[in-house]
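Chemist: Before I ask anything, here is the structure I am working with.
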Amino acid sequence: MSILILLIATAVTAVAMFAAGRATAAPALRRLRDAYTHAWHLAHTDELTGLPNRRHAHRLLEQRLAAHQPTTVALLDLDRFKSVNDEHGHHVGDQLLRHTAARLRTAVAAHGGHAARLGGDEFLLVLPAGTGDNAAVVADVLTRLEQPLTLHPDRYTVLEHVPRASAGIATTGHTARTWADLVRQADIALYRTKRAGRWYHLYQPGHDTESARVDPRSQARLRDLHRTPVSRPQPHTRTGEQP
């Protein structure tokens, strides 16, 4: 709402200055353009990490689907993120999220894609789906993420941490007609990943009903993609998708 108010106020000012005379019209229009650019950036960027936010990711997916561009999405959330928050404080969790975002941005860009933060410890990767192994691309991104980093709980403490993530992967070409379908399929695959204790899982037709049957709460969970952080009770093996 505040962004909308900013745009309206700037537009009103520009119109008033334009009415006052042509000499002031150009600066007013420049200010209006700059204000719009700034407001658009605020509305489409995650404040903590600087990544595109949920709105921007959905916009990008809509554009790709409308253009019939083959697309792979991977829904990621961090393993043990809740324990980092609980044991060391939210400011350390924020450090971890910023490091994760920076690594995902670089790793995904190497494959011509985009990374976005949906909220909490949940990220979305948007990748062009080529003729190769889409799961292998996601595995490469996850591998690049898993490099030791240093966190600072306070001025005198150093915490060594290896970030790891679980992923659910979905690709256009199954039954996805909208961005919501595609993200929902990735969410179902992520649920299967966590249930099996694997690195990632690739969505296949028929997983919808199986997931709903295994966990009656899954339908409600899928309606709320903005999930709270989940900590896996057991360490996962880096085996990924199994045939």
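The values are calculated or read from the model by the stated rules, or taken from the named source; none is laboratory data. As the structure is a prediction and not an experimental result, all values here were calculated from the model. Reconstructed Cβ throughout: ideal geometry from the backbone, glycine too, with neighbour counts over all protein chains shown. The area values use the complete protein model at the heavy-atom level, side chains included, leaving out ligands, DNA and RNA. Shrake-Rupley method; radii C 1.70, N 1.55, O 1.52, S 1.80 Å.
Chemist: Of all residues in segment 123-141, how many are of a type in the set (Gly, Ala, Ser), closer than 23 Å to Gln63 by Cα and either assigned to a strand (DSSP E or B) or free of Cβ contacts under 8 Å to residues at least 24 places away in the same chain (or both)?
Modeler: The total comes to 1.
Chemist: Here is a check on your reading of the model: is Thr172 touching a Pro at 6+ places or on another chain (Cβ under 6 Å) and either farther than 24 Å from Leu149 by Cβ or open to solvent by 10 Å² or more (accessible area, probe 1.4 Å) (or both)?
Modeler: Yes: the conditions hold for Thr172.
Chemist: Then there's this: Out of segment 147-169, which residues are loosely packed, with under 15 Cβ neighbours inside 10 Å and of a type outside the set (A, V, I, L, M)?
Modeler: Correct list: Gln147, Pro148, Thr150, His152, Asp154, Arg155, Tyr156, Thr157, Glu160.
Chemist: What single numbered condition from (1) at pLDDT 65 or above; (2) in a helix (DSSP H, G or I); (3) not charged (D, E, K, R) fails to hold for Ile3?
Modeler: Failing condition for Ile3: (1).
Chemist: Identify the single condition in (1) part of a helix (DSSP H, G or I); (2) modelled with pLDDT of 95 or more that Ala116 does not satisfy, given that it satisfies every other one.
Modeler: (1)
Chemist: Related question: Scanning for something among the β-branched types (Val, Ile, Thr), closer than 16 Å to His161 by Cα and either in contact (Cβ under 8 Å) with a residue 12 or more places away in the chain or in a helix (DSSP H, G or I) (or both), does segment 67-82 turn up at least one residue?
Modeler: No, segment 67-82 contains no residue that is among the β-branched types (Val, Ile, Thr), closer than 16 Å to His161 by Cα and either in contact (Cβ under 8 Å) with a residue 12 or more places away in the chain or in a helix (DSSP H, G or I) (or both).
Chemist: Give the number of residues within segment 120-168 that are at pLDDT below 95 and aromatic (Phe, Trp, Tyr).
Modeler: 1
Chemist: Follow-up. Taking the options Arg98, Arg144, Arg184, name whichever one is in a helix (DSSP H, G or I), under 17 Å from Glu62 (Cα atoms) and open to solvent by 60 Å² or more (accessible area, probe 1.4 Å).
Modeler: Every option except Arg184 fails the conditions.
Chemist: Next up: Scan segment 198-206 and tell me whether some residue there is at pLDDT below 90, within 26 Å of Arg55 (Cα to Cα) and open to solvent by less than 40 Å² (accessible area, probe 1.4 Å).
Modeler: No, every residue in segment 198-206 fails to be at pLDDT below 90, within 26 Å of Arg55 (Cα to Cα) and open to solvent by less than 40 Å² (accessible area, probe 1.4 Å).
Chemist: Taking the condition of being open to solvent by 10 Å² or more (accessible area, probe 1.4 Å) and either closer than 11 Å to Asp77 by Cα or touching a helix residue (DSSP H, G or I) at 6+ places or on another chain (Cβ under 6 Å) (or both), how many residues in segment 187-197 meet it?
Modeler: Qualifying residue count, segment 187-197: 2.
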